[in-house]
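What follows is a single structure, written as structure tokens, with notes after it.
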Amino acid sequence: MEHLDVELFIDAIEKRPSLWDSSSGDYKNRQLKRDDWKEVCEIVIQKYGEKDEKERQEIGREVQLKWKSLRDAYVRTIRQSKGKNQERLLKL
């Protein structure tokens, strides 16, 4: 997969709550999620629409994996930060 503009990627996902907001009614809507992932791919992957179906499916999997990786890294960083803050409070 080609290099992704991470800020553009995150912005595209943020505008589609069905992909990240589990409290949204659309979160469980599989067809909407599929359509939203396709839109994200069209935004962040050059010439996505010109690729054949097999390539688009592979790109879609890679884009979703990239999102999971970014989200997990973010959550891990937040948890570590909270843990360090709690340690500092205990030392006071």
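Listing for the model above:
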| item | result |
| --- | --- |
| Theoretical ellipticity at 222 nm over the chain - DSSP helices of four or more residues, -39500 (n - 2.57) apiece, nearest 500 | -23500 deg cm²/dmol |
| Relative contact order for the chain, counting Cα pairs under 8 Å that sit 6 or more residues apart, in percent | 20 |
| Test item: Cα-centred dipole of the chain, Lys/Arg +1 and Asp/Glu -1 on Cβ, debye | 760 |
| Listed values (i) 3, 14, 15, 14, 11, 9, 9, 7, 6, 5, 4, 2, 1, 1, 0; (ii) 2, 13, 19, 20, 16, 10, 7, 5, 4, 3, 1, 0, 0; (iii) 3, 14, 25, 25, 19, 9, 4, 1, 0, entry calculated as P(r) over Cα pairs in 5 Å bins from 0, in percent | (ii) |
| Of Val44, Val63, Val75, the one that fluctuates the most in a GNM where the chain has Cα springs shorter than 10 Å | Val75 |
| Whichever aspartates and glutamates have a C-alpha closer than 14 Å to that of Lys68, once near sequence neighbours (fewer than 8 apart) are set aside | Glu14, Asp21 |
| Selection from Ser18, Val44, Asn85 lying farthest towards where the dipole of the chain points positive, charges on Cβ | Asn85 |
| Highest-fluctuation residue, Gln64, Gln31, Gln80 considered, GNM on the chain with Cα pairs under 10 Å | Gln80 |
| Entries of Lys28/Lys84; Lys15/Lys82; Lys15/Lys51 with Cα pairs more than 29 Å apart | Lys28/Lys84 |
| Listed residues Trp67, Trp37, Trp20, most fluctuating in the chain (Gaussian network, C-alpha, under 10 Å) | Trp20 |
| Extended-chain gain in nm, criterion 0.36 nm per residue less alpha-carbon gap, Asp21 and Ile78 | 18.7 nm |
| Filtered trypsin sites (Lys or Arg not before Pro), the stretch 1-30: DSSP coil and at most 12 other beta carbons within 10 Å | Lys15 |
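Here, each number is a calculation from the coordinates, and none is a lab measurement. Since we're looking at a predicted model, the values are computed, not measured. Counting neighbours? That spans all protein chains shown, and the Cβs are built from the backbone with ideal geometry, glycine included.
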